[in-house]
Amino acid sequence: MDIRYSTHPDHAKTFTTEDIRKHYLIEELFVPGETKLVYTMEERAIVGGITPIEESLSLKGNDQMKAEYFLERREVGIFNVGGAGSITVDGETYAMENKDCLYIGLGKRELLFSSESAASPAKFYLYSAPAHKEYPTQHVAFKDIEGDRLGALETANDRVIRRMIHKEGIQSCQVVMGMTQLSTGSVWNSMPTHTHDRRSEVYLYIDLDENARMFHMMGEPTQTRHIVMKNEEAVISPPWSIHCGAATSNYTFIWAMAGDNKTYNDMDQVTMDELR
Ligand SMILES: O=C[C@H](O)[C@@H](O)CC(=O)C(=O)O
Ligand SMILES: [Zn+2]
């Protein structure tokens, strides 16, 4: 498991392109037959990718977590961003179509991930945070969530946001998670931009073509930097950082947060005048 430390904004301002990528960018999450995990000190979240091929893969505790099993002191939100698959939680199997979401609460012990076909494997993206109480395991199918329309084509940000794990949806201790899809011709997400000192966030960009690139913006509002990202890469946003971006085509992204509250609208909006 790769470890990422928290960074101070005064330090982050001095980062080179390579430094920014090393600290915040998460590459190669979906490696066939492997479970990849990154532990960030931001909210002590674990970001991961599980890509089963022929055999099932299990998500276990490890030495760095000092946990006998993965959910001993944690909860997890999972989206399937690949082909059809399933997740078995202590003997109960949940079918996971592309873009379906599963929340698994504190205390569940055996977590098994499978793909329906090795030719088009499931790709399970996970975001886990410390938990203090068990909430029920819940599945939500992508097709059952209508979502809300945001933005407009005129401002190149016409998109639909679906909130899956949140105050009025699947209950959790602190994980808030959902998916935003941009329409053809729209490229900007989360603009006007914001921070939220009370929560950290991770974005996973998906549905980008091989040659498309995302220019993800981060940094303090007056010290913006960018990271050039490819399909199926994730980026960590510390609480003091903006997180928005524009790509060379439309795309989808999964946003995941944890922290002091689960209030989606608790954002510190940044005005265009403040940005540098
Ligand atoms: O704190 C919330 C997050 O940054 C995202 O939900 C923003 C988003 O999906 C969008 O504007 O499209
Ligand atoms: Zn945000």
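Annotations for the structure displayed:
- Total residues in the stretch 175-206, condition under 14 Å from the mean Cα position of the chain (by Cα) and either within 16 Å of ligand 2 (Cβ to nearest atom) or assigned to a loop (DSSP other than H, G, I, E, B) (or both): 13
- When the stretch 187-215 is filtered for residues that are near ligand 1 (Cβ under 10 Å from one of its atoms) and either within 14 Å of L150 (Cβ to Cβ) or surrounded by fewer than 22 Cβ atoms within 10 Å (Cβ to Cβ) (or both), the ones remaining, listed by number, are W188, N189, S190, M191, P192, T193, H194, T195.
- In this structure, I104 does satisfy being closer than 24 Å to E55 by Cβ, in contact with a Leu (Cβ under 9 Å, 6 or more places away or on another chain) and among the hydrophobic types (A, V, I, L, M, F, W, C).
- When E18, E54 are checked against the criterion of being assigned to a loop (DSSP other than H, G, I, E, B) and not aromatic (F, W, Y), a single residue qualifies: E54.
- Among the residues making up the stretch 231-249, those that are more than 15 Å from ligand 1 (Cβ to nearest atom) and either free of Cβ contacts under 8 Å to residues at least 60 places away in the same chain or β-branched (V, I, T) (or both) are N231, T248.
- Candidates H166, H226, filtered to the one that is surrounded by fewer than 23 Cβ atoms within 10 Å (Cβ to Cβ), out of contact with any helix residue (DSSP H, G or I) (no Cβ under 9 Å at 6 or more places or on another chain) and not polar (S, T, N, Q): H166
- T252 under 28 Å from I78 (Cβ atoms), within 12 Å of ligand 1 (Cβ to nearest atom) and within 14 Å of the chain's Cα centre (by Cα): yes
Throughout, read-outs are computed from the coordinates displayed, never taken from laboratory work. Since we're looking at a predicted model, the values are computed, not measured. Reconstructed Cβ throughout: ideal geometry from the backbone, glycine too, with neighbour counts over all protein chains shown.
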